[in-house]
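Working notes, structure below.
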Amino acid sequence: MANSPAKTPLILSPTPLHRLDRLSADLGIDLWIKRDDLTGFAFGGNKGRKLEYLISEALKVGATVVVTCGSAQSNFVRQLGAACSMNGLRCAAVVMDLPYDAPAGKPSGAHPGGTGGNVLLDSLLGVDLRVIPDGDWDSLFVSTEDLAIELESAGETVYRIPVGGSSPLGAYAFYQAASELNVGPFDWIVCASSSGSTQTGLAYAFAGSATQVLGVACDPEPNIALDFAEIGRGLAPLIGASKFLEAEDYLLDFSAVGEGYGIVTDEGSHAIQLMARREGIFLDPVYTAKAFACLIRRAETRDIEGRVLFWHTGGTPALFA
Ligand SMILES: *Cc1c(COP(=O)(O)O)cnc(C)c1O
């Protein structure tokens with residue numbers, strides 16, 4: 001397309017795509033994996049793809065500092081910090097150990113985000129990490145905007161990036177990533193879903209095809225599909241799509257969330273062990289463990305069948321948190 005979004009290269013793509021022979025036999029499906037844990041960029045993960053477009057935009061508008069928010073163990077903040085280091089930008093992030101949804105309240109199993117894992121990597125990268133006491137997502141967004149305004153009044157040019165990099169540009173990255181699948185067609189693509197641009201991009205890429213894109217929610221917020229629809233409305237003009245996907249067009253499974261965002265579940269721990277012991281591949285506790293646990297269950301109950309792609313979205317540094 002003539003005016004497709006500009007990209008600043010960060011990751012090694014295409015990421016590997018291969019079959020999981022042992023788990024295919026165990027689960028009775030033809031199971032493949034897309035290795036976005038192996039982007040070759042800042043310990044990997046799905047955020048590298050989004051950042052190729054977001055950083056390009058930040059540079060275009062002449063930003064001096066990028067401001068975002070998330071959980072303390074945010075994989076996005078880590079990858080954003082690396083992208084900023086490589087492009088001469090400062091990176092500031094307001095984080096809570098475990099942000100929660102106001103109606104659900106703070107989960108009882110919540111534990112501090114600690115100083116290991118992504119927090120350690122953030123400090124190595126020189127990220128200006130502002131840790132504030134736990135509260136809900138809305139209060140996190142307010143504190144983030146306060147920081148952006150403070151930096152602007154100090155003379156900085158601020159580029160704001162929404163949580164998880166989930167803007168239309170983030171979704172555009174995953175719309176493009178779909179073209180890396182040179183094996184297929186798949187009956188199902190399963191990915192972990194939270195801020196939504198991963199699933200939104202893939203859903204647009206496979207809209208109207210026989211491939212079903214299933215997002216496994218890692219966040220108990222029941223209305224996330226409304227946010228996905230909103231991101232999609234921004235994506236559609238970038239890809240020349242004439243039809244919008246509505247909230248009900250997004251296939252989401254909430255059965256693996258457990259007590260809340262970032263709280264490890266028993267079936268998630270089992271999924272981590274199974275993937276490690278059968279295939280020698282590591283999952284993360286916050287996202288991919290829950291997504292893969294859901295995939296296992298649905299394979300057992302025949303709620304997914306045929307050729308299935310598990311999109312590994314990364315996150316493994318959180319294993320060390
Ligand atoms: C952010 C993240 C996700 C969720 O992707 P979204 O685009 O925010 O829905 C899944 N897995 C990992 C490891 C992540 O860091």
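Structure notes:
- Positive dipole terminus of segment 47-165, leading residue within ILE161, ALA104, VAL142 (C-beta point charges): ILE161
- Taking the charge dipole of the chain about its Cα centre, with +1 at Lys and Arg Cβ atoms and -1 at Asp and Glu Cβ atoms, the residue from ASN87, VAL216, GLY196 reaching farthest to the positive side is ASN87.
- Residue-averaged 222 nm ellipticity for the chain, from DSSP H runs of 4+ at -39500 (n - 2.57), nearest 500: -11500 deg cm²/dmol
- Assuming charge only on the beta carbon of Lys and Arg (+1) and of Asp and Glu (-1), the dipole of segment 120-160 about its Cα centre is about 140 debye to the nearest 20.
- The distance from the alpha carbon centre of segment 238-299 to that of segment 155-182 is 20 Å, rounded to a whole number.
- Once backbone amide H atoms are built at 1.01 Å from N, ASP136 has TYR100 as its partners under 5 Å, excluding neighbours fewer than 5 places away on the same chain.
- Whole-number percent relative contact order across segment 1-65, with pairs defined as alpha carbons under 8 Å at least 6 apart: 37 percent
- Cysteines, the chain, no other Cys beta-carbon under 4.7 Å: CYS69, CYS191, CYS218, CYS294
- Length added when fully stretched, VAL131-SER153, from 0.36 nm per residue minus Cα-Cα: 5.8 nm
- Cut-off 15 Å, label 7 Å out along Cα→Cβ of ASP21, residues of segment 259-280 by amide N: 278-280
- Excluding ligands, DNA and RNA, the accessible surface per residue across the chain is 40 Å² with a 1.4 Å probe.
- Computed over the Cα atoms of the chain, the ratio of the radius of gyration to the Kirkwood radius (Rg/Rh) comes to 0.94.
- Whole-angstrom gap from segment 13-37 to segment 86-115, using each part's C-alpha centre: 31 Å
- In a reduced charge model with +1 at each Lys and Arg Cβ and -1 at each Asp and Glu Cβ, the chain shows a dipole moment near 1000 debye about its Cα centre.
- In the calculated pair-distance distribution of segment 47-165, the portion above 16 angstrom amounts to 58 percent of the Cα-Cα pairs.
- Carbon plus sulfur fraction of accessible area for the chain, probe 1.4 Å, in percent: 54 percent
- Size of electric dipole in segment 192-259: Cβ of Lys, Arg +1 and of Asp, Glu -1, about Cα centre, debye, nearest 20: 360 debye
The values are calculated or read from the model by the stated rules, or taken from the named source; none is laboratory data. Everything numeric here is computed off the predicted structure, so don't read it as measured data. Methodologically, a virtual Cβ is constructed for each residue, glycine included, from the backbone with ideal geometry; neighbour enumeration extends over all protein chains shown. When the accessible area is computed, the model is the full protein with side chains, heavy atoms only, and any ligands, DNA or RNA have been set aside. Shrake-Rupley method; radii C 1.70, N 1.55, O 1.52, S 1.80 Å.
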